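Input: a single structure, listed below in structure tokens.
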Amino acid sequence: MSKPVIHSIVLIITIAIAFLFPKTNLAQYDLQISAVLFIIMFFSRRLINQAGRLLESVIFTLVILLIVSTTGNTSSPFFFLIYFLLFALALLMEPIIAITVSFTLMIGFMFSIPPNQEVGTLIPVFSLAFLTPFALLLGQEYVRIKNDELRIKNLEGKINQKQEDTFLFLSLMLKNHLKNIKSAIESFMGDHELHEIKRNTEKMERLIEKFENN
């Protein structure tokens, strides 16, 4: 399975656990559990690199949903944290995750609403659908920027390597021909040495011109 599919499954399970949590006896320890989760996230950022973003996403999702679900679900004064969660997941994970999480949250909140409730209680739930495209676009833009930065970094590396090759070529070529010219000057006795100096000079010019053209 691809990464987005695995991440989606993990977050769907996380959301399901968060919605079932208020129905358990552990609901009274929500603050303590949230504190433990933040501690785990703090140490995991130092010890884990590969799965760090997934773990952060799971912990953020759990903590925010625990707060919202234990303070009234759609009528919670902290429901706005769900909006921040969507944007955070779009940046931490693949942008498509925002759609999966939003759809799962909408289903979870609709099933958690008691029967015979006013239509107004569903407004926060449906607002997630309108916010999801913005989170998706933000995530895609973030990915594009990161890819551009990586591409620029690779180009800079290639340019630096080419500059090093240029300096090495010029250094070896000039050093070799200057050595020949110096030797010809030191043993100068007539036209033969003068011809040798001219020959090395012309060869240097041709090599430099050839290198510039390449």
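The values are calculated or read from the model by the stated rules, or taken from the named source; none is laboratory data. The structure presented is a predicted model; accordingly, all values stated were derived computationally and were not measured. As a convention, Cβ positions derive from the backbone with ideal geometry for all residues, glycine included, and neighbour counts pool all protein chains shown.
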Study note, to complete from the structure: Of the residues in segment 115-154, those that are under 15 Å from residue 73 (Cβ atoms), surrounded by 13 or more Cβ atoms within 10 Å (Cβ to Cβ) and small (Gly, Ala, Ser) number 1
Check your understanding: Just a yes or no: is a residue in segment 136-150 outside any helix (DSSP H, G or I) and assigned by TED's automatic domain parsing to the domain that holds residue 20?
Key -> no
Revision key, fill the gap. Considering residues that are closer than 30 Å to residue 103 by Cα and among the β-branched types (Val, Ile, Thr), the number found within segment 130-161 is 3
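Here is a yes/no grid of residues against (1) crowded, with 17+ Cβ neighbours inside 10 Å; (2) farther than 20 Å from residue 21 by Cβ; (3) outside the structural domain of residue 53 (by TED's automatic domain parsing):
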| residue | (1), (2), (3) |
| --- | --- |
| 73 | yes, no, no |
| 85 | yes, no, no |
| 89 | yes, no, no |
| 92 | yes, yes, no |
| 97 | yes, yes, no |
| 107 | no, no, no |
| 112 | no, no, no |
Review point. Here is a list of conditions, (1) under 20 Å from residue 18 (Cα atoms); (2) surrounded by fewer than 17 Cβ atoms within 10 Å (Cβ to Cβ), and residue 162 meets all of them except one; can you say which number that is?
Key: (1)
Check your understanding: If a residue has to be polar (S, T, N, Q) and more than 25 Å from the chain's Cα centre (by Cα) to count, how many in segment 90-135 make the cut?
Key -> 5
